[in-house]
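Enquirer: The structure that follows is given in the form of structure tokens.
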Amino acid sequence: MLGSRLGACAVFSRACGAVRAKAVAGEEDGDPGGDVNSNLLIPTGTGDSELDNAVYRWLQWDKNPKTRVQIESLLQDGKNKELRERLCSRMSFGTAGLRAAMGGGFSRINDLTIIQTTQGMYHYLQRCFPDLHNRGIVVGYDTRAHPASNCTSERLAKLTAAVFLSRGVQVYLFSRYVPTPFVPYAVQKLRAIAGVMITASHNRKEDNGYKVYWENGAQITSPHDKEILKCVEEDPAPWADSWRDNLPDTSPLNRDPLEEIRKGYMEDLRAVCFHREMNQKTPMKFVHTSFHGVGHDYVQSAFKVFGFNPPIPVPEQKDPDPNFSSVKCPNPEEGECVLVLSLRLAEKEGARVVLATDPDADRLAVAELQDSGQWKVFTGNELAALLGWWMFFCWQKSEGRCEAGDVYMLATTVSSKILQAIAKREGLHYEDTLPGFKWIGKRVKELLDKGKTVLFAFEESIGYMCGTAVLDKDGVSAAAVVAEMATYLDSVNMSLNQQLVHIYEKYGYHISKTSYFLCYDPTTNKRIFDRLRNYTAPKRYPQSCGMYGILHVRDVTTGYDSSQQSKKSLLPVSKSSQMITFTFQNGCVATLRRSGTEPKIKYYAEMCGSPGQGDKLFLEEELKKVIQILVEEFLEPSKNGLIWRAM
């Protein structure tokens, strides 16, 4: 998730000038030693003065021998193109914070860029919160590692902590790896100013990330992300104490919140457990895979809270492994092809349901054995239909519940509208948000502050919020909730898939399809979306796609929405994203979007039937036709060199 190159070298050139001036005066905080008392740059020989400036700053600031040598080797080998890619762009906050490959360079995750980002964050938080030093921040991490760069999530978390500790800020650094949901939970529980989670979630093994939470327990949204990056650019030189990764071990300002947060989280989990006695008696078995990540211990604990016997772990994937050695990619969303070990184990153990948490345990995939002997892996939208129904069903039967008019469900705009259909029929409220759980978390907090009840929220990429103890997606709680739902349905001789059919029959069939193309070239990415904005003439969007007429177009990148009288989108403008939604005359809604975390162009399409009506097979065929034409005419994969979904 690399930031724009626009003006990046110029920014670094200005930064270098500022640092040279400091160096002359002997004021450079980040002086790594050596003779820097000169207002002339050390020549690096690239023939590009801006690149020379960036190379010089990197070699002046970076104290990690392995990432230093990566840049030195590229310089020695004359690989200026790669040097520019690594040094003349900076990461920007996307849908899930900072995320990029680990390695040397300002556009990658490494010791220096984590220190710089954290220093920028410190400056910004200091401006926003006079009580920053007392309230402090939370820091968590997963188990990723990149030996070639000497980068591990734990080390990067300790450097993050060191920056704040060196400025006298209280830090709550977890003493071991934790699921991502523990960080936003801790921010609220400890009344901290902010939180940082070092993780790249389900990305490839070479990647890592830096996810930031605000005091409300939700991921940061604009303008906080942009202001933090501004602060980084204003003072990019690392402070001497920022490199002291052992500072958390000795500072009295550091506190380990692990036991307190784990205990509190598990206690609060009881709020979404409705049938504990039944769970204790069920003959059902569950298999759980943690995908070589952090989830095993925590899902085991969650099952205990719900009264279940422990789920059966997949031995090869139970313990953390930064190489993700048993899977093609560490993303359970990819379906059956990456769930082979867990499905085979379930067949051997007589378990009908498989639960898969991704490496940082904030997302959940579910598979169920059908009577045919085949496994059904539920899509993110299908599982959301089940969980949305279940949370409403349990709320309906609860004592002392509030009025339905005060109850909300939410989903991102690229997700299925099944919650909207449920809410409409049952008298609840439903709201759309922009893609990314940061928008859901922010809106849920606003609703809670107004005294409203939020039952459930989700995004189609297998992210679920059951209850509101965590204002982010949470695979640990979702795993336990799915197990309880499956247990209840089993007690009335129903399977998850049978209940899904009942939901669609009652609220209308919602047939959706989501997939993606790999696109590594930002220029191609931009060209595809610019073409759609100027399709038949400048600033004229397509009016049809093949034989299918287009009723409305919404472009949240520019803030345009043809369905509104004002032509302005009701959703917030997101200029850093690329996302256009087409509503077709046949009722299909399709969105094209650039991923905020990976080099992908995604498409999301859905056909919605009316409650009690609708021919499922017709809807499926119609959706298939729309997608085929949409891809060929709007994405032009052959012409643009797009790579079809690899899995």
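Enquirer: Restricting region 52-83 to residues that are basic (K, R), in a helix (DSSP H, G or I) and without any contact (Cβ under 8 Å) to a residue 60 or more places away in the chain, which is farthest from I109 (Cα to Cα)?
Expert: Of everything passing the filter in region 52-83, K81 is farthest from I109 (Cα to Cα).
Enquirer: Which pairs do you get when a residue that is touching a residue at least 12 places away in the same chain (Cβ under 8 Å), found in region 617-646, comes within reach of a residue that is among the charged types (D, E, K, R), reach meaning Cβ atoms under 7 angstrom, with the pair 6+ apart or on two chains?
Expert: Final answer for the pair search is L623/K513; I627/K513.
Enquirer: I've got another one for you. In region 190-227, which residue that is surrounded by 24 or more Cβ atoms within 10 Å (Cβ to Cβ) and aromatic (F, W, Y) is farthest from L447 (Cα to Cα)?
Expert: Filtering first and then ranking leaves Y210.
Enquirer: If you scan region 567-587, which residues turn out to be touching a helix residue (DSSP H, G or I) at 6+ places or on another chain (Cβ under 7 Å), surrounded by 18 or more Cβ atoms within 10 Å (Cβ to Cβ) and at pLDDT below 95?
Expert: Selection gives Q578 alone.
Enquirer: Moving to a separate point now. Can you list the strands (runs of 3 or more DSSP E) found entirely within region 409-474 that contain at least 3 residues being open to solvent by less than 10 Å² (accessible area, probe 1.4 Å) and either out of contact with any helix residue (DSSP H, G or I) (no Cβ under 8 Å at 6 or more places or on another chain) or hydrophobic (A, V, I, L, M, F, W, C) (or both)?
Expert: 453-459
Enquirer: Sticking with this structure for a sec: For K473, which of the numbered conditions (1) within 24 Å of Q578 (Cβ to Cβ); (2) out of contact with any strand residue (DSSP E or B) (no Cβ under 8 Å at 6 or more places or on another chain) fails to hold?
Expert: So the condition that K473 fails would be (2).
Enquirer: If you don't mind, another one. Looking at V287, V299 in this structure, which one is closer than 14 Å to V481 by Cα, touching a Ser or Thr at 6+ places or on another chain (Cβ under 7 Å) and β-branched (V, I, T)?
Expert: Sole residue among the options that is closer than 14 Å to V481 by Cα, touching a Ser or Thr at 6+ places or on another chain (Cβ under 7 Å) and β-branched (V, I, T): V299.
Enquirer: Just the residues that are free of Cβ contacts under 8 Å to residues at least 60 places away in the same chain, touching a His at 6+ places or on another chain (Cβ under 7 Å) and of a type in the set (S, T, N, Q), please, taken from region 410-469.
Expert: none
Enquirer: Checking the conditions here, which among A361, A367, A356 is among the aliphatic types (A, V, I, L, M), part of a loop (DSSP other than H, G, I, E, B), open to solvent by less than 40 Å² (accessible area, probe 1.4 Å) and closer than 30 Å to Y604 by Cα?
Expert: The match here is A361.
Enquirer: In region 382-404, how many are part of a helix (DSSP H, G or I) and either hydrophobic (A, V, I, L, M, F, W, C) or open to solvent by less than 40 Å² (accessible area, probe 1.4 Å) (or both)?
Expert: Total meeting the criteria: 15.
Enquirer: Name the residue that is least open to solvent (accessible area, probe 1.4 Å), counting only residues in region 266-284 that are in contact (Cβ under 8 Å) with a residue 60 or more places away in the chain and farther than 22 Å from D360 by Cβ.
Expert: N279
Enquirer: Let me ask something additional. Run R90 past the list (1) over 23 Å from L471 (Cα atoms); (2) open to solvent by less than 10 Å² (accessible area, probe 1.4 Å); (3) of a type outside the set (S, T, Y) and report the number of the one that doesn't hold.
Expert: (2)
Enquirer: Same structure, new question: So which residues in region 60-73 are under 32 Å from the mean Cα position of the chain (by Cα) and crowded, with 16+ Cβ neighbours inside 10 Å?
Expert: The answer is W61, D62, K63, N64, K66, T67, R68, Q70, I71.
Enquirer: Counting only residues that are out of contact with any Pro (no Cβ under 9 Å at 6 or more places or on another chain), outside any loop (DSSP other than H, G, I, E, B) and in contact (Cβ under 8 Å) with a residue 12 or more places away in the chain, how many does region 212-249 have?
Expert: 16
Enquirer: Got a sec? Which of V287, V299 is touching a residue at least 60 places away in the same chain (Cβ under 8 Å) and part of a helix (DSSP H, G or I)?
Expert: Of V287, V299, the one residue that is touching a residue at least 60 places away in the same chain (Cβ under 8 Å) and part of a helix (DSSP H, G or I) is V299.
Enquirer: Against the condition modelled with pLDDT of 95 or more and either out of contact with any helix residue (DSSP H, G or I) (no Cβ under 9 Å at 6 or more places or on another chain) or open to solvent by 80 Å² or more (accessible area, probe 1.4 Å) (or both), how does Q564 come out, does it pass?
Expert: Here the answer is yes, as Q564 does meet what is asked.
Enquirer: Could we say that R262 is within 26 Å of L434 (Cα to Cα) and outside any strand (DSSP E or B) here?
Expert: No, not satisfied.
Enquirer: Sticking with this one: Sort through V631, V626 and tell me the only one that's open to solvent by less than 20 Å² (accessible area, probe 1.4 Å), modelled with pLDDT of 95 or more, touching a helix residue (DSSP H, G or I) at 6+ places or on another chain (Cβ under 7 Å) and in a helix (DSSP H, G or I).
Expert: V631
Enquirer: Name the single residue that is surrounded by the most Cβ atoms within 10 Å (Cβ to Cβ) among those in region 250-259 being part of a helix (DSSP H, G or I) and within 26 Å of the chain's Cα centre (by Cα).
Expert: Result: L258.
The values are calculated or read from the model by the stated rules, or taken from the named source; none is laboratory data. Note that the coordinates shown come from a computational prediction; the quantities given were computed from them, not determined experimentally. Reconstructed Cβ throughout: ideal geometry from the backbone, glycine too, with neighbour counts over all protein chains shown. Quick note on the areas: whole protein, heavy atoms, side chains included, nothing else; ligands and nucleic acids left out. Shrake-Rupley method; radii C 1.70, N 1.55, O 1.52, S 1.80 Å.
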